[in-house]
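The values are calculated or read from the model by the stated rules, or taken from the named source; none is laboratory data. Remember, it's a predicted structure, so these values are computed and weren't measured experimentally. Cβ placement follows ideal geometry from the backbone for every residue including glycine, while neighbour counts extend to all protein chains displayed. When the accessible area is computed, the model is the full protein with side chains, heavy atoms only, and any ligands, DNA or RNA have been set aside. Shrake-Rupley method; radii C 1.70, N 1.55, O 1.52, S 1.80 Å.
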Amino acid sequence: IQYLRAHPPAPTSVLNPSAFRAYVYFFAHPSTSRRVIESLLRDVLHGSVLGLSPATPLWRLSTTVHHWVQSPSHASFILDKFIAELKKAIVVPSITRPLYFINFFCVPKKGPDGKMSKLRLIRNGAYHGSHSYAINQWIMESAYRIRTLPTLKVYARLMLGKRWMALRDLTDAFRQLHLHPSQYPFCGYSLFGQTYVDTAVSYGLSSSAATC
């Protein structure tokens, strides 16, 4: 970690903006408005925003460091994940102190054997110390409410008479969407007394699911 902090890798991107714009417009459904398409392009090409309220009390966001580690294996897992993201420049060193610190903990995850034999890293955007606020408390409802997804009843009706359905899981999909640089200070981390910021959407924040 100390080496990567002293020699941070340069961020890389293989996305061709003009080609991606043409791709999105070509495959967009005819009923999709230009405003929606441009909003998508803005998020992908320039970075997503968290949807914080203008009334967010910046000076009272929690900077308490409280990672929850239940065992040495959990600590090792968290560090391995963190180092992997430092190497990819998803998490980068921060010279200035972030306005909010996200804390880590782990939960069990189903493995290939069907048992809860693996771990999932959780970034806790709901944690706050005493007399301070969590970042999730100030993300506006309009930023996290998903209004366009079909309900379970609609899905069931669409499957009537069908014999199969497909499901695709995008591995680490949340980590593929970048944050707008103005949002970095709200997604800070602290490890071993050193501070870092996230450059990608963190799935511990209220607006992540709606954004991705």
Span from the the stretch 76-140 Cα centroid across to the the stretch 27-72 one, whole angstrom: 15
Test item: Cα-centred dipole of the stretch 1-119, Lys/Arg +1 and Asp/Glu -1 on Cβ, debye: 60
The stretch 33-131, accessible surface, carbon-and-sulfur percent (1.4 angstrom probe): 59
1.4 Å probe accessible area per residue over the chain, in Å²: 66
Cα-based shape type of the stretch 33-128, given that a ≥ b ≥ c are square roots of the gyration tensor eigenvalues and the cut on a/c is 1.5: oblate
Relative contact order for the chain, counting Cα pairs under 8 Å that sit 6 or more residues apart, in percent: 28
Unit charges on C-beta of K, R, D, E only; dipole of the chain, Debye: 660
Stretchable slack from A84 to L45, in nm (0.36 nm times residue separation minus alpha-carbon distance): 11.7 nm
Percent antiparallel among DSSP beta bridges (both partners in the chain, rounded to 5): 80
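Contour minus end-to-end for M140 and S117, with contour as 0.36 nm per residue of separation and end-to-end as the Cα-Cα distance?
4.7 nm
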Calculated FRET value between T64 and R5, using beta carbons and R₀ = 30 Å, to 0.05: 0.85
Prolate/oblate/rounded label for the stretch 82-128 (Cα gyration tensor, a/c 1.5): oblate
Label assignment, Cα extents along the principal axes in Å derived from the structure, set (1) 52, 38, 35; (2) 58, 46, 35; (3) 56, 42, 37: (3)
25 Å Cα-Cα threshold exceeded, pairs from K118/K153; K109/K153; K115/K153; K87/K115; K81/K110: K118/K153; K109/K153; K115/K153; K87/K115
Positive-end residue of T56, A6, G111, charge dipole of the chain with Cβ unit charges: G111
